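Laboratory data are not the source of any read-out in this text; all were calculated from the coordinates shown. Computed from a prediction, not measured in an experiment: that's the story for all the values here. FYI the Cβ positions are ideal-geometry reconstructions off the backbone, even for glycines, and counts take in every protein chain you see.
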Amino acid sequence: MAIRQIRVQGDDVLTKVCRPVKEITPRIATLIEDMVDTMYEYDGVGLAAPQVGVLRRIAVIDVGDGPIVLVNPEVLETSGSQTGEEGCLSLPGKSGQVTRPNYAKVHAFNENMEEYEVEGEELLARALLHEIDHLDGHMYTEKVEGNLHDVNYEEEEA
Ligand SMILES: [Zn+2]
């Protein structure tokens with residue numbers, strides 16, 4: 001298990017378009033394992049490769065149903081609308097209100113380069129779209145309505 005350092009907003013790596021993965025090399029396999037470990041270590045719902053400084057089209061998500069590995073994900077379909085609080089491990093301690101589709105269907109490959117589709121509503125749709133945005137160099141702050149605010153962790157724990 002290896003925890004990678006998370007890049008924070010202001011780091012150029014978060015603004016770049018990531019390259020597709022052609023094959024799962026040992027290096028990519030280790031990266032995926034480390035990304036899952038890092039997501040859990042920091043209690044994130046998702047993590048994209050550029051957030052650990054790697055410009056590859058890889059993201060991991062866990063909305064409470066186990067880890068989802070997304071290699072070369074592409075959005076096939078979205079519908080509806082949801083507005084809610086969003087945060088990002090690359091902007092610790094902050095959150096803001098973002099409107100996104102309520103449903104998303106995504107085509108991707110898993111850690112064995114097997115094709116699959118994942119679809120979800122609400123938090124899963126939000127996580128899928130948030131992480132895929134990272135792969136094109138976009139942060140949720142570009143979509144925030146109103147101001148970012150501080151997350152009060154103490155209050156959440158109480
Ligand atoms: Zn993020």
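Scalar couplings 3J(HN,Hα) for segment 17-26, obtained by applying the Karplus form with A = 6.51, B = -1.76, C = 1.60 to θ = phi - 60°, are 7, 7, 8, x, 8, 8, 8, 8, 7, x Hz; x denotes Gly and Pro.
Amide H contacts of ARG19: ARG56, ARG57, each under 5 Å away and 5 or more positions distant or on a separate chain (H built 1.01 Å from N in the peptide plane; Pro and chain starts excluded).
Its relative contact order, with pairs defined as Cα atoms under 8 Å and 6+ residues apart, puts the chain at 25 percent.
In this simple spin-label approximation, VAL75 and LEU148 carry label points 7 Å from Cα along the Cα→Cβ vector, and these lie 2.1 nm apart. Look at ARG126, ARG56 and count the other Cβ atoms within 10 Å of each Cβ; fewest to most, that gives ARG56, ARG126.
Segment 48-107 and segment 110-141 have their alpha-carbon centroids 4 Å apart. Maximal additional length on extending the TYR116-THR141 stretch stands at 6.1 nm, based on 0.36 nm per residue less the C-alpha distance.
Spacing of the modelled spin labels on GLN5 and ALA29, each 7 Å from Cα toward Cβ, amounts to 2.7 nm.
Taking the fewest neighbouring Cβ atoms within 10 Å as the starting point, the ordered list for MET113, MET139 is MET113, MET139. Taken over the chain, lysine pairs spaced eight or more positions apart, or on distinct chains, with alpha carbons under 23 Å apart number 5. Cβ crowding within 10 Å, taken as a proxy for footprinting-reagent exposure, orders ARG27, ARG100 from fewest neighbours to most as ARG27, ARG100. Computed over the chain, the per-residue total of -39500 (n - 2.57) for DSSP H runs of n ≥ 4 gives a 222 nm mean residue ellipticity of -7000 deg cm²/dmol, rounded to 500.
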